[in-house]
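Quick notes on the structure that follows.
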Amino acid sequence: MQHLIETYGYVAVLIGTFFEGETVAILGGFAAHQRHLRYSLVVLLAFVGSVLGDQVAYLLGRHYGRSFVDRRPKLVPHVARATALLERHPVLFILGFRFIYGLRNVAPVAISLSRIPMARFVVLNVIAAAVWAVIVTGLGYLFGQAIEALRGEIRAWDERLAMGAVLAALSIFGFNLLRERVQRRQAGPRGR
């Protein structure tokens, strides 16, 4: 498994963040903490994948326009929600849509259908992707630290649970043995 992560981990981070992101970036940060990947490269690739994915979605929206959304009825409510947020707070929305569940993939399309120029979107998208990549991969890295800190506790609990299981098994065995003796004694005088 370690060999697969070290061989394909960077590619997985790049491709995963291109299409969606959070889970892959968190796992990349965790793998960096485990020293299977370099943290700086994971952050960089998460950033690049995120920027490229959003730029492609933006360009698809610009090129295919409203028909792209209309041919996908499941996207319509998400695009409507994104458009409503975009109209109220355009800059904040572009900087923060990655952190709003359910809007990550449709937001660039909604933005492309608005009056926001591509140059403005590119600048804000790059800033937002950089912040996002650091935060999300950092969470994965911190998760790795938390697991490592708990490792000693987990081992201690493993020993306690194992001892508890052995005691429970011995207790059940002893109870069943005792119950059989009692049943034999009760059955013995009647059978005579």
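Averaging over every viewing direction, what projected area does the convex hull of the Cα atoms of the chain cover, in nm²?
One quarter of the hull surface, i.e. the mean projection, equals 19.4 nm².
Projecting each Cα onto the charge dipole of the chain (Lys/Arg +1, Asp/Glu -1 at the beta carbon, about the Cα centre), which of I116, V126, A80 comes out farthest on the positive side?
It is A80, whose Cα lies furthest towards the positive end.
Could you tell me which residue out of H63, G21, G144 lies farthest along the dipole of segment 2-149 toward its positive end? Charges go on the beta carbon: Lys and Arg +1, Asp and Glu -1, centred on the Cα centre.
H63
Identify which of G49, G61, G28 has the largest mean-square fluctuation in a Gaussian network model of the chain, with springs joining Cα atoms closer than 10 Å.
Highest fluctuation among the options: G61.
At a threshold of 8 angstrom on Cα-Cα distance, excluding pairs fewer than six apart, so keeping six or more, what relative contact order does segment 2-149 reach in percent?
34
If you keep only loop residues by DSSP, which chymotrypsin sites (Phe, Trp or Tyr not before Pro) in segment 77-130 have at most 16 other Cβ atoms within 10 Å of their Cβ?
Qualifying residues, ordered by number: Y101.
Which is farthest toward the positive dipole end of segment 1-134 among G53, L37, Q2, measuring Cα position about the Cα centre, with Cβ charges +1 (Lys, Arg) and -1 (Asp, Glu)?
Going by the charge dipole, the pick is G53.
With +1 assigned to the C-beta of every Lys and Arg and -1 to the C-beta of every Asp and Glu, and no other charges, what is the dipole magnitude of the chain about the Cα centre in debye, to the nearest 20?
In total the dipole reaches around 960 debye.
Rank by packing, highest mean first: peptides 79-86, 134-141, with packing defined as the count of other Cβ atoms within 10 Å averaged across residues.
Most protected by this proxy first, the peptides run 134-141, 79-86.
Read the figures in this text as sums done on the coordinates, not as results from a lab. Just so we're clear, the structure is a prediction, and the values are computed from it rather than from any experiment. Cβ atoms come from the backbone with ideal geometry, glycine included; neighbour counts cover every protein chain shown.
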